[in-house]
Amino acid sequence: MNRYIYLALALHIPLLFGLGGASAQSIDQIVKSDPLIITGAIGTQNTYYHSSMGYDGRSQLSNTIYANLNISFYGINMPFSFYLSNGSASWNYPHFSLSMSPSWHDWTLHLGERSMSFSNYVYNSPFFGVGVEYTGHHVRFGAFYGRLKRAISDDPTDPAARTPQYSRYGWGFKVGYGSSQNYIDLFLFQAKDRIGSIDEHWQNTIVPQENLAIGLKGRVSFLKHFSLTANAAASLFTFDTRAENVPDSIIGKWGKIFNSKYTSNARFAGDAALNYSMRNFNLSLQYKYVQPNYATLGTGYVSNNYSSFGVATNLNLFKGRVTLNGNFSHQQDNLSHDQLYTTKGLVYNGALNWRVSNNFNLNAAYNGYQQRQKDGVLQVTDSSKVDRIMHSFTSSANYNIQTNKLLHAIGVSYNLSKNLDRNIITNGAGDVTTHAIGTNYSISVEPWDMAFNLGYNHQNSKSQGGKFTTNMFSLSTGRAFLESKDLRLDASLSYAINEAQGTKTNTFGCFLSSSYAIKEVHQFSLSAGYNHYTQTFAMAEGSAKSRNWDVNVSLNYNYTFTLLEIKRKSKEK
C-alpha cells in the first residue's frame, strides 16, 4: 500500500503546488532525500509601546498570530503561512509555477523559472522556459528558450494602472572548450518584444525592442607565470522595431543576420587583463572599454560610454602571516564626445592584514578617489566645475587572551574620512572631515557560561556647517541557566552624549530579555526596553530642550511540530 501512496504523491503534489523550491535539485539529491516530511509552527507576537511624545498614528498594542506549514517532498520545499496582525489577515502559499534543474552525470535540464551562466555583457537574467547544459571534461555547451518578461497590460482607464510592458521572449546558446587555465567560450543571445501582447492604447507610450548579441570569453596561459584573459561582446540593438527597415543595399549581408531598422545600432563592450602569478605574488593589468549606448535585452542596464585602465596586486609574506593588496585605476567617460561635460576619475586603495600571532591581528586599509570635470559639448566654468578628492583610512587591532576559565577579547578601531572640495568658487563649502574611534572589551567566564561586553565609541565631524560630536558607552551581558541551558537572560545598557553647534543632548537606554524552551518545541520570550532622550527645538528667542522617554515590551510564543514523517529507508544493515 505504501508503494501506491508514494506513487500518488509523486504524481500529484508537484502538479498541485509547483516546484519553486527545487533550485538546482539534482536527481541524486532527490533520490537521497526523504519522501515526505510535513513540519510547521504556530505562535503569537505581542508588543506594547508607550511614549511621552505621543504615537503619531502608531498603535500602543500590537498583536500578531501566525501559523506556518512546510511540505518537504523529496527535498522540494513548499511553504504555507498565515498571519493575523491587528485585525488584518494575510495568506502566503507556494507559487503555482515550475522551477527545477535536475541533473544526471554531466547533463542538467532546466525547466520553468531558471537561469544560466553567460557572459555578463550578453545575458544574466532569468527565463521561464526550457534549457539544457552539458559540462564535460573539456567540452561544454548549453542552450535555452523562454519568456524573459511577462506582459503587463492593465486597463488604460484605471488610475492605478501599472507601467505597461511587452512580453519578451528570447533564446541563448553557448559553447566552450578548455580547462580553467586555458579556455574559450562563445555566447549567442537573441530577444524580441511581442507587439500584440499589450493593449493598443499602451503601444503608443512604450516601444517594442529587439536585440542580437554575441560574446567571446577566454583565457590563455603562457611562460609558466603569465596569463591573458579577455571578455568581449557586440550587440545589435533595435530601440523601436516598428521603425522602417534599412535597405539591404546599405547594410549588405548583415540584413540576413539581423532585421535592421533605422532605430538600430551596433555597439561593442569588453575587458582584458594581463596577469602575472607566483606562489606569493600576483599582478594584473586591466583594461575595460564600453561604447556609448551599449545595451542588451538580457542584462538590463549596463554602465556605458566609459573606459578604464588599472593595475591590481597581491602579496603574501612570512608564510601568509602578512597580506598586502593594492589597486589603482583611471576612469573616463564621454567616449561619444556628446555629453555636456567629461568626467575623469582616479580610484586607488590598499590594504594590510598582519597576523602578528595566533592571538593578535592588525588590519589597515586606505581608499582614495579623485574626480575632475573637463570640457565636453560645453566648456567647464569655475562656478560649476566638479573637482573633489575623497580619502578614507581604517585600521583595527584585535587581541585575545585565553586562560583555563576566562577568555578576554580586546578590540580597537579608528576611521578617518575626508571629502575635499577643490572648486575655487565654493572654497571648501563641501569639505567634511570625520574621525571615529571604537574600543571594545569582552570577557567570557566559562564556569558561569556568562559573558560581559564593554564598549566605547567616539565620532567627530567638522564642516563649514559646524561641528558634530557623539560619545557612546555600552555594557551588555548574558547567561544561560539550568543544566539544559533552556533558560537564557540578557541585559544591556547604553548612554550617549551628543553635541551639535555647542548644544548638548543625551540618550539613555536599557534592554532586558529572557527566553525559555520546553522540550525544544515550546519557546517563550519576554523582552522590555526603555529609552530616555533629550531633544532640542529651535525657537525665536533661542532654543529649548525637551526630555522624553518611551517603553517597549514584547511577549512571544512559538510552538514547532512535525505532522508527518515518511523517511527514506537506509540501506545500511
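Summary of computed values
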| item | result |
| --- | --- |
| Segment 39-52 - phi-based ³J(HN,Hα) in whole Hz, Karplus 6.51/-1.76/1.60, Gly and Pro as x | 10, x, 8, 10, x, 8, 10, 9, 10, 10, 10, 9, 9, 6 |
| Candidate values (1) 1.04; (2) 1.27; (3) 1.18, label of the one derived for Cα Rg over 2.2 N^0.38 Å | (2) |
| Using distinct alpha-carbon pairs, which all enter the 1/r mean, Kirkwood radius of segment 137-240 in Å | 16.6 |
| Cβ charges +1 (Lys, Arg) and -1 (Asp, Glu), total dipole of segment 317-443, debye | 680 |
| Segment 76-115 versus segment 373-395: alpha-carbon centroid distance in Å | 48 |
| Relative contact order of segment 93-239, pairs being alpha-carbon contacts under 8 Å that are 6 or more residues apart, as % | 17 |
| Lysine pair number, Cα distance threshold 16 Å (strictly under), segment 126-272, separation 8 or more or different chains | 4 |
| Computed over segment 462-511: relative contact order in percent, which uses C-alpha pairs under 8 Å that are six or more apart | 35 |
| Centroid-to-centroid separation of segment 184-219 and segment 453-475 [C-alpha atoms, Å] | 52 |
| Packing rank of 449-458, 69-78, where each peptide gets the mean count of other beta carbons within 10 Å, highest leading | 69-78, 449-458 |
| Low-density loop positions, chymotrypsin sites (Phe, Trp or Tyr not before Pro), segment 413-450 - DSSP coil, at most 12 other Cβ in 10 Å | TRP448 |
| Long-range amide H partners of GLY376 with built H, under 5 Å | THR342 |
| Karplus (6.51, -1.76, 1.60) ³J(HN,Hα), θ = phi - 60°, over segment 155-166, in Hz, Gly and Pro reported as x | 4, x, 7, 7, x, 9, 4, 6, 4, x, 7, 6 |
| Sites excluded, GluC sites (Glu not before Pro) in DSSP loops with at most 15 other C-beta within 10 Å, longest stretch of the chain | 1-243 |
| Spatially proximal lysines relative to LYS504 (Cα-Cα < 27 Å; intrachain offsets below 8 disregarded) | LYS418, LYS462, LYS467, LYS545 |
| Size of electric dipole in segment 105-304: Cβ of Lys, Arg +1 and of Asp, Glu -1, about Cα centre, debye, nearest 20 | 820 |
| Segment 253-344: trypsin sites (Lys or Arg not before Pro) in DSSP coil with no more than 11 other Cβ atoms inside 10 Å | ARG279, LYS319 |
| Table column - 3J(HN,Hα) (Hz), segment 320-329, Karplus curve with 6.51, -1.76, 1.60, x for Gly and Pro | x, 6, 10, 10, 10, 10, x, 9, 8, 8 |
| Placed amide H near ASP34: partners under 5 Å, 5+ positions off or other chain | GLY75, ARG568 |
| Relative contact order %, the chain, counting alpha carbon pairs below 8 Å whose residues are six or more apart | 9 |
| Qualifying chymotrypsin sites (Phe, Trp or Tyr not before Pro) for segment 300-376 [loop in DSSP, other Cβ within 10 Å: at most 14] | TYR301, PHE318 |
| Estimated 222 nm signal from helices in the chain, with DSSP H stretches of n ≥ 4 weighted -39500 (n - 2.57), rounded to 500 | -1500 deg cm²/dmol |
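Values in this text are rule-based calculations from the coordinates and carry no lab data. For clarity, every value in this text was computed on a predicted model and none was experimentally measured. Glycine gets a Cβ as well: all are built from the backbone with ideal geometry, and neighbour counts include every protein chain shown.
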